[in-house]
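A.B. asks: Sharing a structure here in structure tokens format.
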Amino acid sequence: MEMVATAREMQECDRAGIVKYRIPSVVLMENAGRSVADVIGKEFGSVSGKRVYVLCGKGNNGGDGLVVARHLYNRGATVKVFLTGKRGDLKGEPKTNFAVLEQMPDAEKRSKVQILESVTAAMLKKQPAPDVIVDALFGTGFSGAVKGEYEKIINWINEVGGRVMAVDIPSGVNADNGQVGNVAVHATTTVTMGLRKTGLMVHR
């Protein structure tokens, strides 16, 4: 029998890893982001030359996305990161990973990772169609309806086509019951962390 977890139960597992087993939270974020990059690599065989858009929220899910962006860039992808807020909004581990991504060396004379802040759906519609979109907008703590510009961004994700990789859970889906308030990302693949979330197994 497969074990599944609610959002709160998974948070308790993470907290136990950090407090009891002394695993730094930045290591957990690194492992999560690298795992997503690994799955993308397996699906493509190689990401070299692929156009990848990573959409990042302000929280830890967005921090995971920043790690994904770094690993895919290191593997040869052309990466653009779209922040829903500003870099000054980032705190803790997301802020740390943003700083690492921003200062990455350009030893191969490639274009560095392009980072755009305060992204809107109108901005995204002006971009060339990507090969892969990484959904790192909301994490497992999300519930209710998607509001404001986020709703427009998710509609763009669903309309633009191509592969969509969700980090932990598709944005807009309630991790506990699978409920969608109004819109949610239509992910091609979801890479969930630790235990599978109950909201991925059921839908209401």
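The values are calculated or read from the model by the stated rules, or taken from the named source; none is laboratory data. Source: prediction; values computed, not measured. Counting neighbours? That spans all protein chains shown, and the Cβs are built from the backbone with ideal geometry, glycine included. These accessible areas exclude ligands, DNA and RNA; they are computed on the full protein's heavy atoms, side chains included. Shrake-Rupley method; radii C 1.70, N 1.55, O 1.52, S 1.80 Å.
A.B. asks: Have a look at 78, 84, 96 and point out the one that is at pLDDT below 95 and either under 19 Å from the mean Cα position of the chain (by Cα) or among the β-branched types (Val, Ile, Thr) (or both).
C.D. replies: When all the criteria are applied, what remains is 78.
A.B. asks: Continuing with the same structure: Just checking: which of the helices (runs of 4 or more DSSP H) contained wholly in segment 112-204 hold 3 or more residues that are in contact with a helix residue (DSSP H, G or I) (Cβ under 9 Å, 6 or more places away or on another chain)?
C.D. replies: Once the helices (runs of 4 or more DSSP H) in segment 112-204 are filtered for at least 3 residues that are in contact with a helix residue (DSSP H, G or I) (Cβ under 9 Å, 6 or more places away or on another chain), what remains is 121-125, 148-160.
A.B. asks: Restricting to segment 77-105, what's the tally of residues that are outside any helix (DSSP H, G or I) and open to solvent by less than 50 Å² (accessible area, probe 1.4 Å)?
C.D. replies: Residues of segment 77-105 outside any helix (DSSP H, G or I): 77-86, 90-91, 103-105.
Next, only the ones that are open to solvent by less than 50 Å² (accessible area, probe 1.4 Å) stay: 77, 79-85, 90, 104.
Summing the residues that are outside any helix (DSSP H, G or I) and open to solvent by less than 50 Å² (accessible area, probe 1.4 Å) in segment 77-105 gives 10.
A.B. asks: When you go through (1) within 17 Å of residue 135 (Cβ to Cβ); (2) in contact with a strand residue (DSSP E or B) (Cβ under 8 Å, 6 or more places away or on another chain); (3) of a type in the set (S, T, N, Q) one by one for residue 118, which number turns out not to apply?
C.D. replies: (1)
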